1. Would you kindly work out the equivalent ellipsoid of segment 72-143 from its C-alpha gyration tensor and give its semi-axes, the square roots of five times the eigenvalues, largest first in whole Å?
2. Around Ala167, which amide H atoms from residues at least 5 apart in sequence, or from another chain, sit under 5 Å from its own amide H, with H modelled in the peptide plane?
3. Across segment 34-93, what fraction of all alpha-carbon pairs, as a whole percent, falls in each successive 5 Å bin from zero upward?
4. Given the convex hull of the Cα atoms of segment 1-122, what is a quarter of its surface area in nm²?
5. With the convex hull built on the Cα atoms of the chain, state its orientation-averaged projected area in nm².
6. Short version: what are the Cα gyration tensor semi-axes of segment 101-170, square root of 5 times each eigenvalue, largest first, in whole Å?
7. Looking at segment 1-106, which trypsin sites (Lys or Arg not before Pro) are in a loop (DSSP not H, G, I, E or B) and have at most 16 other Cβ atoms within 10 Å?
8. Take the Cα gyration tensor of segment 112-233, multiply each eigenvalue by 5, square-root it, and list the three semi-axes largest first, rounded to whole angstrom.
Amino acid sequence: ETAMDVGLIDCHCHLSAVEFCEDIEDVIMRAKEVGINSVISVTEEANDFERVIHLSKSYPGVVAPCLGIHPIQCWGSQEQRSVRLQDLDSALPLFQKYRDEIVAVGEIGLDFTPWYAPHAEHRDEQEAVFRRQLEISKALDLPVNVHSRSAAKVTIAVLKEEGIQQALLHNFAGKPSVAMEGVQAGYFFSFPPAVSRNEQRVKLIKQIPLEHICLETDSPALGPDKQLWAKCL
């Protein structure tokens, strides 16, 4: 029985993104046509939550919703900034409201890219938001779907400190030695089509055991061509 017989799962994408508002029906249809049975759709901000839940009800069994607050808020706008603890305020009751409908807590994590988190207080607050959501995942007994850009080592250390058993590190770009720490902890790593253009990432993937590797599109970002916002699905 091949993967295509079972059906593929896109382990990380953003179906609630504005880029999909016009043609979500076509996106789902194209995904099904190429053998994708299920799409794990993450959120980045509290105002995404209701939309991803709505999509999961519109496409039951296909759209698997996650709720999470991303370490970078107001993505792609002039207001783009590092997350603050108050960004969690409106999200907290929604985790409880939809606890029986979501499949994971995500997209959560750390992003220490210098222009997003230039100061220690930015990184500390990101970590506080991350740890709070890890606590929520444990309370709800759900896995986490994790962002770790420029923060791979710290991200895996925090996951282990918090006793997280089930984690998917999406688009992981850390050192192989750090990835191995995650492998030993039982974590999974997913990679989008864009890694095919990155020789360093190809070397990393070859060192991760196949049974710890998953596939994602991160759609509408990180497609196989160089246009960042190419729709992968």
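The values are calculated or read from the model by the stated rules, or taken from the named source; none is laboratory data. What you are looking at is a predicted structure, and each value in this text was computed from that prediction instead of being measured. Here Cβ is always computed from backbone atoms with ideal geometry, including for glycine, and neighbour counts include all displayed protein chains. Surface accessibility is based on the protein's heavy atoms, side chains included, excluding ligands, DNA and RNA. Shrake-Rupley method; radii C 1.70, N 1.55, O 1.52, S 1.80 Å.
1. On the way: eigenvalues 115, 33, 21 Å².
Equivalent-ellipsoid dimensions as semi-axes: 24, 13, 10 Å.
2. Under 5 Å from the amide H of Ala167: Val144, Phe188.
3. 4, 18, 23, 20, 15, 11, 6, 2, 0
4. Details: hull surface 36.0 nm².
If I average the Cα hull's projected area over directions, I get 9.0 nm².
5. Values: hull surface 49.8 nm².
Average of the hull's projected areas for the chain equals 12.5 nm².
6. Working: eigenvalues 89, 25, 23 Å².
In descending order the semi-axes read 21, 11, 11 Å.
7. Numbers: sites: Arg30, Lys32, Arg51, Lys57, Arg81, Arg84, Lys97, Arg99; in loops: Arg84, Arg99.
Taking segment 1-106 and a limit of 16 other Cβ atoms within 10 Å, the loop trypsin sites (Lys or Arg not before Pro) found are Arg84, Arg99.
8. Values: eigenvalues 108, 65, 43 Å².
So the three semi-axes of segment 112-233 are 23, 18, 15 Å.
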